[in-house]
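The values are calculated or read from the model by the stated rules, or taken from the named source; none is laboratory data. This one's a predicted model, so the numbers in the text were calculated from it and none came from an experiment. Virtual Cβ from ideal backbone geometry, glycine too; neighbours counted across all protein chains shown.
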Amino acid sequence: MRRDEAEALVSFELTKATQKHGALASPHEGYAVILEELDELWDEIKKQHPDPDALAKEAAQVAAMGLRFLMDCVPEDE
């Protein structure tokens with residue numbers, strides 16, 4: 001997958017999650033969401049024949065939640 005394709009997929013997942021769930025309420029929630037997405041990626045990886053499309057989607061969701069954590073949970077410099 002090319003970088004621009006990967007970035008577009010992460011952006012899509014970020015937009016979808018933000019529209020559906022809104023901002024993360026705390027770093028604890030952010031951690032839990034990232035962990036849930038990482039577990040879903042791990043479940044796909046452990047399959048005897050992982051689906052490349054599912055791997056891409058789950059990896060993009062992990063990355064998107066990392067971005068969401070940065071945007072919602074890390075204070076800006078004042």
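Check 58, 37, 44, 76 and return the single one that is of a type in the set (Asp, Glu) and either touching a Gly at 6+ places or on another chain (Cβ under 6 Å) or at pLDDT below 95 (or both).
Checking each option against the conditions leaves just 76.
Do we have any residue at all in the range 30-41 that's small (Gly, Ala, Ser) and touching a helix residue (DSSP H, G or I) at 6+ places or on another chain (Cβ under 6 Å)? Steps first, please.
Taking the range 30-41 first, the residues small (Gly, Ala, Ser) are 30, 32.
Keeping just the survivors that are touching a helix residue (DSSP H, G or I) at 6+ places or on another chain (Cβ under 6 Å) gives 30.
Yes, the range 30-41 contains at least one residue that is small (Gly, Ala, Ser) and touching a helix residue (DSSP H, G or I) at 6+ places or on another chain (Cβ under 6 Å).
Would you mention how many residues in the range 20-78 are in a helix (DSSP H, G or I) and in contact with an Asp or Glu (Cβ under 6 Å, 6 or more places away or on another chain)?
Step one: of the range 20-78, the residues in a helix (DSSP H, G or I) are 20-21, 27-46, 52-73.
Okay, now just the ones that are also in contact with an Asp or Glu (Cβ under 6 Å, 6 or more places away or on another chain), so 40-41, 44, 54-55, 58, 60-62, 64-65.
Residues that pass the stated criteria total 11.
If I filter the range 1-19 down to residues being part of a helix (DSSP H, G or I) and among the basic types (Lys, Arg), which single residue comes out as surrounded by the fewest Cβ atoms within 10 Å (Cβ to Cβ)? Reasoning before the result, please.
Kept after step one, since they are part of a helix (DSSP H, G or I), are these residues of the range 1-19: 3-19.
Now narrow it down to the ones that are among the basic types (Lys, Arg): 3, 16.
Numbers: 3: 7, 16: 12.
The qualifying residue surrounded by the fewest Cβ atoms within 10 Å (Cβ to Cβ) is 3.
Under 7 Å between Cβ atoms, which residue pairs at least 6 apart in sequence (or on different chains) link something in the range 7-27 that is under 15 Å from residue 69 (Cα atoms) and in contact (Cβ under 8 Å) with a residue 24 or more places away in the chain with a partner that is part of a helix (DSSP H, G or I) and acidic (Asp, Glu)?
Every condition considered, the pairs that remain are 23/72; 24/72.
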